[in-house]
1. In this structure, is ARG204 closer than 25 Å to ASN306 by Cβ and surrounded by fewer than 21 Cβ atoms within 10 Å (Cβ to Cβ)?
2. Being within 16 Å of ligand 1 (Cβ to nearest atom), β-branched (Val, Ile, Thr), surrounded by 24 or more Cβ atoms within 10 Å (Cβ to Cβ) and modelled with pLDDT of 95 or more, is that true of even one residue in segment 132-145?
3. Please go through segment 146-165 and give me each residue that is in contact with a Gly (Cβ under 6 Å, 6 or more places away or on another chain) and in contact (Cβ under 8 Å) with a residue 60 or more places away in the chain, ordered by number.
4. Could you figure out which of (1) within 16 Å of ligand 1 (Cβ to nearest atom); (2) of a type in the set (Val, Ile, Thr); (3) not assigned by TED's automatic domain parsing to the domain that holds ARG322 isn't true of THR202?
5. Return only the number of the condition from (1) out of contact with any Pro (no Cβ under 6 Å at 6 or more places or on another chain); (2) crowded, with 16+ Cβ neighbours inside 10 Å; (3) free of Cβ contacts under 8 Å to residues at least 24 places away in the same chain that LEU4 does not satisfy.
6. If you check ILE39 against the conditions, is it of a type outside the set (Phe, Trp, Tyr), farther than 15 Å from LEU184 by Cβ and surrounded by 19 or more Cβ atoms within 10 Å (Cβ to Cβ)?
7. Within segment 235-251, does at least one residue satisfy the condition of being over 20 Å from CYS142 (Cβ atoms), polar (S, T, N, Q) and touching a Leu at 6+ places or on another chain (Cβ under 9 Å)?
8. Write out, first by first residue and then by second, each pair whose Cβ atoms fall under 9 Å of each other, whose residues are 6+ apart or on separate chains, and whose first residue, in segment 228-242, is over 14 Å from ASN330 (Cα atoms) while the second is near ligand 2 (Cβ under 8 Å from one of its atoms).
Amino acid sequence: MEQLTLPKEKLPELLGEIGSKFELIGPKEENGFLAFRKINDPKEVNLDILLSRVPPKSLIFQQTETLFTYAKGKDSKVQTPKIDESVRVIFGIRPCDARGYDIIDPVFMGKKEGDYIDPFYTKKRNRSILIGLSCNEPDTNCFCTSFDDSPANTKHVDILFTDIGDTYFVEVVTEKGEDLIKNLSKIFSKATEKESTIRKETERAAIKAISRKMNTEGTVEKLDKMFDHEFWVETARSCIGCGICTYLCPTCHCFDIQDESTLKLGGRVRVWDSCMYEEYTHHASGHNPRPSRMNRVRNRVYHKFNYFPKNDGIFGCTGCGRCIDYCPVNIDIIEVIDKVKEANI
Ligand code: SF4
Ligand code: SF4
């Protein structure tokens with residue numbers, strides 16, 4: 001893996017060059033929160049706030065996606081939107097959010113031959129080059145290390161930047177990353193042994209700064225035995241079913257498909273949905289297999305910590321902490337899993 005450095009004062013120059021050649025997306029402050037948006041001027045980029053409120057999954061699995069449109073009448077034609085396939089650089093994505101893509105890729109891009117490949121997700125995923133940024137100062141509710149991850153993990157990005165003082169330590173991880181670097185003017189330098197040591201120490205310090213830990217050992221087996229446990233009634237008691245925990249989760253990927261039409265025009269759109277809503281499982285017959293909030297809270301936990309590991313060999317959680325930060329009634333997923341471990345069966 002090529003190791004380079006970039007003096008911090010040259011970051012605007014780099015972003016300016018990327019923005020002049022490709023579409024550049026980066027973290028930007030918007031109404032007091034961080035959001036991944038198109039960057040028109042490097043000054044807009046904000047690297048001081050750790051996580052965006054809405055995870056960057058929205059750049060690839062869009063909150064609303066038009067699948068096709070049509071005009072009514074005898075000459076009616078169905079039109080599918082053209083998906084831009086030109087290179088797009090996503091700068092400043094955090095390692096846990098990049099890992100979120102890896103977790104949901106199989107859902108949209110298939111796991112084996114013959115699986116359906118969703119063109120909307122796949123084309124956006126393939127056109128995106130991820131330049132990650134290590135988290136030197138993790139937040140109170142970060143717990144990526146509980147999933148053998150690291151705040152400076154290179155595994156899920158094409159290039160990783162780590163702040164090592166006056167300089168960024170730059171690791172070029174994939175071929176996509178190499179191609180991007182080749183396309184840019186030569187403003188990087190080769191990293192020295194000393195800079196490499198500082199980068200490792202920075203990662204160690206960041207790992208040490210993560211104080212929260214989810215102990216997932218034996219969780220899958222324990223959940224197998226407690227589907228009907230009264231624990232779920234108690235756990236769900238305070239939930240108001242707002243769906244925030246799922247919308248803001250980098251691994252939640254449920255959607256609804258709706259047909260919209262006016263007198264002359266129509267279209268089909270895919271929109272984010274949430275298993276925390278009653279309508280989500282409401283059958284046309286009127287029957288609802290998850291009629292109460294208890295059913296829905298339980299399902300969210302089972303999906304991430306039982307079904308996902310059984311189906312995909314991975315927990316459906318990156319440890320980003322957003323659901324803990326934003327749940328209006330303070331339901332804390334780490335505490336829920338702790339209580340699962342403690343529950344008598
Ligand atoms: S379950 Fe919570 S902590 Fe885990 S990835 Fe989703 S939002 Fe982040
Ligand atoms: S964010 Fe909290 S209150 Fe809202 S649906 Fe999720 S667990 Fe329930």
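The values are calculated or read from the model by the stated rules, or taken from the named source; none is laboratory data. Not measured: the values here are computed from a predicted model. So basically every Cβ, Gly included, is an ideal-geometry build from the backbone, and we count neighbours across all protein chains shown.
1. Values: closer than 25 Å to ASN306 by Cβ: no; surrounded by fewer than 21 Cβ atoms within 10 Å (Cβ to Cβ): yes.
Against the criterion (closer than 25 Å to ASN306 by Cβ and surrounded by fewer than 21 Cβ atoms within 10 Å (Cβ to Cβ)), ARG204 does not qualify.
2. Of segment 132-145, the ones within 16 Å of ligand 1 (Cβ to nearest atom) are 135, 138-145.
Subsequent filtering for residues that are β-branched (Val, Ile, Thr) retains 140, 145.
Among the residues that remain, those that are also surrounded by 24 or more Cβ atoms within 10 Å (Cβ to Cβ) are: none.
Taking every residue of segment 132-145 in turn, none turns out to be within 16 Å of ligand 1 (Cβ to nearest atom), β-branched (Val, Ile, Thr), surrounded by 24 or more Cβ atoms within 10 Å (Cβ to Cβ) and modelled with pLDDT of 95 or more.
3. Here is the first cut: in segment 146-165, the ones in contact with a Gly (Cβ under 6 Å, 6 or more places away or on another chain) are 146-147, 157-160.
Hits for segment 146-165 are SER146, PHE147, VAL157, LEU160.
4. That leaves (1) as the condition not met.
5. The single condition LEU4 does not satisfy is (3).
6. Values: of a type outside the set (Phe, Trp, Tyr): yes; farther than 15 Å from LEU184 by Cβ: yes; surrounded by 19 or more Cβ atoms within 10 Å (Cβ to Cβ): yes.
When the stated conditions are applied, ILE39 passes them.
7. Of segment 235-251, the ones over 20 Å from CYS142 (Cβ atoms) are 235-243.
Still in the running and polar (S, T, N, Q): 235, 238.
Right, trim to touching a Leu at 6+ places or on another chain (Cβ under 9 Å) and you get none.
No, there is no match, as no residue in segment 235-251 is over 20 Å from CYS142 (Cβ atoms), polar (S, T, N, Q) and touching a Leu at 6+ places or on another chain (Cβ under 9 Å).
8. Sorted first by the residue in segment 228-242, then by its partner, the pairs are TRP232/VAL297.
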